[in-house]
Amino acid sequence: MVRLDKNRIQSGITKKTATLPSMPKPSQKVEDSPKTQNVSGELEKFSLYVLKVLIDENIPPTPNNFQIYFEKLLENKPISFKRRINELLEAENVNEDEHRAKMEKDIKEGFNQIKSIMQVVSTVYKNLNVMKEIIKKRTTELEVSSSQLSVNNIASALNEDLKKLSTLMNKQLGSLKTYYEKTAEILKDIEDKAIFDSRFGVYNRRYFIKSIENEHRSIEQFHHKSSIVLLKVKDSVLNKIVSTKDRMILMRNVAKLLLKTSRRSDIVAHYGEGVFGMLMKHTDVSSATKACERISDLIFSTSFFIGDMEIDTDIELAIVPIVKGYTTEELISFALDALPKSGKHLEPYVVCEIAEEIDANEVS
């Protein structure tokens, strides 16, 4: 169970928004108009501003980059403005990967249903075998205890019918087994290519690493800044929770809060062993630290309950910039090593200071 302390959250939001840099105001005033026209005009002017920033920073104005900068610059706008724009864009909130994630969840559910059907079929088959044995036993008893020819004929006919039924059932079950094995093979292949971790409602490790590698190549080409953030609930907190199920519930709620604080363009994933990762595209270390402050503020202002017991949650946060000269595995390793150095009673987050490898060709 999660209970939000609205007063603590609101005070945290007020504190942060007070220090955010204000966006340049449009030179023209918006004429009085209906609400939808007013918001549409605000969106148009803000979109033009986003495009101008992309051009000024020499960032290719691709749809993906425009979305990233749109969300990044929107963070600096007043809450009322963000609310109006988000309401207007609500219909576009679902992207292709989210559709795919939902599809994978549905496929897994379908796989569970297929397994349930097979379990029922297996039970029916066992019951039929039991029935066959009972009838076989009764037939033998009739043969040895009665001399009536009609009884023997009935028993013989019944036995023949059961043989035919058994042959038919074996054939049908053989077909069902074949179909099941083919279906299981297909679903296993889909699962191996999955990008979604259904336990926590975020992307999985495979997709997270692939996304970082793709972003690394993009950085080498366009020279922008991006960052990786890792988060983990401290072991000292998890060790106090006896039930594995309750520990999973706590981590699942933390994952939901992490999603809540992320931008649409951020890739939030479960890296493994209770470590969550967030790829923040076009985000330098300074902006990533602000994101970590928002994350810690939200989590520390949230009350977590296991039954009637309130859990004093503590987390670890680490930031590592994506720089040249290091592999994805090395960057994540730096962040993993830095995680234990952070916490509620330590540093709220740790920034991994990594020197970027200088290309000799660029120097010359």
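Just to be sure I understand the model, the point goes 7 Å from the Cα along the line to the Cβ. What's the resulting Thr327 to Glu347 distance in nm?
So the label points at Thr327 and Glu347 sit 2.6 nm apart.
Might you work out the accessible area of Glu185 for me, using a 1.4 Å probe with all protein chains in place, and round it to the nearest 10 Å²?
Only protein atoms counted, so the area is about 130 Å².
D for segment 98-242, whole µm²/s, Stokes-Einstein with Kirkwood Rh over alpha-carbon pairs at 20 °C and 1.002 mPa s: what number? Provide the component values of the computation, followed by the final result.
Numbers: Rh = 21.4 Å.
Translational D for this selection: 100 µm²/s.
Considering the options Ile114, Met248, Tyr180, tell which one lies farthest towards the positive end of the dipole of segment 114-253, charges being +1 on Lys and Arg and -1 on Asp and Glu at the Cβ, about the Cα centre.
Looking along the dipole axis, the top candidate is Met248.
Tell me, rounded to the nearest percent, the portion of alpha carbon pairs in segment 162-225 spaced more than 13 Å apart.
Working: 1524 of 2016 pairs.
Roughly 76 percent, once rounded to a whole number.
Using the alpha-carbon centroid of each, what span in Å lies between segment 124-141 and segment 228-268?
54
Compute for segment 264-364: radius of gyration divided by Kirkwood radius, i.e. Rg/Rh, restricted to C-alpha atoms, rounded to two decimals. If you can, show how the numbers build up before the last one.
Working: Rg = 16.1 Å, Rh = 15.3 Å.
Using Cα coordinates only, the ratio equals 1.05.
Pairs of lysines 8 or more apart, or on different chains, with alpha carbons under 19 Å: count those in segment 252-364, would you?
Values: Lys256/Lys290; Lys260/Lys281; Lys260/Lys290; Lys281/Lys290; Lys281/Lys324; Lys290/Lys341; Lys290/Lys344.
The result is 7.
Label-point separation (nm) for Asn58 and Glu75, each offset 7 Å from Cα along Cα-to-Cβ?
Between Asn58 and Glu75, the label points sit 2.4 nm apart.
Starting from the 7 Å offset along Cα-to-Cβ, what nm value, one decimal, do you get for the label separation of Arg138 and Asn170?
About 2.3 nm separates the two model spin labels.
Using a 1.4 angstrom probe with every protein chain in place, what is the largest-first accessible-area order of Met131, Met169? Mind dumping the intermediate values first?
Working: Met131 80, Met169 40 Å².
Greatest to least solvent exposure: Met131, Met169.
Please list 3J(HN,Hα) in residue order for segment 321-330, calculated via the Karplus relation 6.51 cos²θ - 1.76 cosθ + 1.60 where θ = phi - 60°; whole Hz, with x for glycine and proline.
Per residue, the Karplus-derived 3J(HN,Hα) values read x, 8, 10, 5, x, 10, 7, 4, 4, 5 Hz.
The values are calculated or read from the model by the stated rules, or taken from the named source; none is laboratory data. Only a predicted model underlies this, so the values are computations on that prediction, with no experimental measurement involved. With ideal geometry, Cβ positions are generated from the backbone for all residues, glycine too; neighbour counts draw on all protein chains shown. Remember, those area values only see protein heavy atoms, side chains included, never the ligands or the DNA or RNA. Shrake-Rupley method; radii C 1.70, N 1.55, O 1.52, S 1.80 Å.
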